[in-house]
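Since the structure comes first, as structure tokens, the remarks are kept for the end.
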Amino acid sequence: MVKISARIDNYQAEGYDNKLDWIGTPFFDRGIRTMWKISQVTPLPFQSADVAGHFGVSGVTVGNIRPHSISPGGIYCAGTCTYTVTVPVKKTVSRGFVLRNTTPSLPNASWVLEPAIPLPMRWQGMSIRGVNDNGDFCGFYVASSEPVPGPDVGRAYIWLAGSPTPIELSLPPSNPVTYGSVAAIDNSLRFTGTHRDQTVTPYKAQLRPDQTVDSLVYAEYPSLSGIGSFNVFDQYLFSATSNGNTAEFVHLGYDLLGYPLHRNISDSFVSILPSGAVLNLLGLNQRTEIVGFYSQPNNLPSPGDSDFHGAFCRVDPSGVFDRLLWNHPSASLNSPIDTRLFSISDAGTVVGTYDRNHPFSLAATYEADQPIPPEAWWNPPHAPWWSGGIDRRRLERLLALARMRQWPPPFPAPSPYHGIDERVNIAKAMELHEMIQALDGNEFRVELETILFRYLHEEIDRMKEAGKRSD
């Protein structure tokens, strides 16, 4: 097991004690140690030596092997392999591969390689960019009659598990365009990607039962540079370009007034990335844990080469936390360095590659992760959190949790947090309301008071219903 720490806001994190706030996640004051714990770094059972036999080819030179996606439940991993053949003519071919986890309910993933995916007759190559827990996968293909359009855009497809042929998509649904790609797909067949007409346009969509794109759900985002991984809460990663600079963001939802909650993750990494580094975020899970990598030009051994280093972070509406820079322990230390993280499951299994064609998986967890006792909502177990009243910092944290519907305790019943008597909840809420009223002029006060009043009404109604049942 390897524990790795990193600089946070130019303060060396090693050597500081952990501080936990009352919901069990790091409370990010200056000097807090990073909470990532990396373990179970294991090669995937599809390496360069397996390529020729898997695809039934010979005399190949393997280029990249990239496990682009792991499904939310960690059941499937899928990606793309490129190799070069010389007979009958020299050309580079892209093929997709799928791995299945035979122990998805256990902490240690056990991967087996699924049978090779045949190329349809009209395809000269394909790339898999997303996979779900059903084994459906998506990406782009290059038609045999067309030149290769570029490294990341061909024609969009979704291939449903068990189907002998893929679904070749028309994007947008009412106005097919030449090129497109699907970046991610979930268990409900919602998907994201880009299509290329005059410009590259990101979109979100869903596949209907008749295997066509639902035009009522389809939405384009022309102001963005791209939309990628998303989770069950409809939070998603996106990139946007301004004045020639592209930044990575995460969409976390909407506040009570309907305004979108976005976090600029690129800005949060500035303090720990070298000058000139470019951040790429690719994987997001339901705990808003994010993985990716950053590249840094090195000009060695030849001009234009770059080093690549893995990157982790965790996000909530109050900020971007737990940033960690990480390299695979077996990655070459000679230039160029190459460690890239592509995707993370809801349980924290991460897939990536090092030195271009050495795919691996690992487990990423938090030392602070622990069950939240019911009383922690109102009675902080780690410190007398309320003893000094409530200041701006604490109010911002409460509001952030409330916006994510993680505070006060979620409704309706059944809920694991209802071991607390409703009358105690009401008393605590009223006590907190009195503390908030003392913060004259605070811009968060009205919104949080609205949340508390709604909470009080819900708890009073619950008491009334409980009284009726007892009569």
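Every number in this text was worked out from the coordinates using simple rules, so none of it is lab data. Predicted model, so just to flag it, every value in this text is computed and none were measured. Cβ coordinates were reconstructed from backbone atoms using ideal geometry, including for glycine residues, and neighbour counts include every protein chain displayed.
Suppose R0 equals 45 Å; then what is the FRET efficiency for Met121 and Arg454 from their Cβ-Cβ distance, rounded to the nearest 0.05?
0.15
How far apart, in nm, are two points set 7 Å out from the Cα along the Cα-to-Cβ line at Ala49 and at Gln198?
5.4
Checking the a/c ratio against 1.5 first, then a/b against b/c, what shape does the Cα gyration tensor give for the stretch 171-251?
Taking the square roots of the gyration eigenvalues as a ≥ b ≥ c, the stretch 171-251 is oblate.
With θ set to phi - 60°, apply the Karplus curve 6.51 cos²θ - 1.76 cosθ + 1.60 along the stretch 186-193 and write out the HN-Hα couplings as whole Hz, x wherever there is a Gly or Pro.
After applying 6.51 cos²θ - 1.76 cosθ + 1.60, I find 10, 5, 9, 6, 7, 8, 10, x Hz.
Pull up all non-local amide H partners of Gly253: gap of 5 or more, or a different chain, and H-to-H distance under 5 Å with H placed in the peptide plane.
The answer is Leu261.
Work through the residues other than Ser71 whose Cβ is under 11 Å from its Cβ and net out their charges, Lys, Arg +1 and Asp, Glu -1.
-3
Can you sort Val291, Val62 from fewest to most other Cβ atoms within 10 Å of each residue's own Cβ?
Val62, Val291
If each residue's Cβ is checked for other Cβ atoms within 10 Å, how do Tyr218, Tyr236 rank with the fewest at the top?
Tyr218, Tyr236
If you take the square roots of the eigenvalues of the alpha-carbon gyration tensor of the stretch 90-241 and sort them as a ≥ b ≥ c, do you get rounded (a/c under 1.5), prolate (a/b over b/c) or oblate?
oblate
Rounded, prolate or oblate: which fits the stretch 43-158 when a ≥ b ≥ c are the square roots of the eigenvalues of the alpha-carbon gyration tensor, with rounded for a/c under 1.5 and prolate only if a/b beats b/c?
Oblate shape, in that a/c is at least 1.5 and b/c is the bigger or equal ratio.
How much length would be gained if the chain were fully extended between Thr86 and Tyr259, taking 0.36 nm per residue of separation minus their Cα-Cα distance, in nm to one decimal?
Once the chain is fully extended between Thr86 and Tyr259, it gains 56.8 nm.
When the Karplus curve 6.51 cos²θ - 1.76 cosθ + 1.60 is applied with θ = phi - 60°, which whole-Hz ³J(HN,Hα) does each residue of the stretch 158-171 get, with x for Gly and Pro?
Karplus-based 3J(HN,Hα) across the stretch 158-171 equals 10, 10, 6, 4, x, 7, x, 9, x, 9, 8, 8, 9, 10 Hz.
In nm, to one decimal, how far is the Thr42 label point from the Ser105 one, both placed 7 Å along Cα→Cβ?
Going from the Thr42 label point to the Ser105 one covers 1.7 nm.
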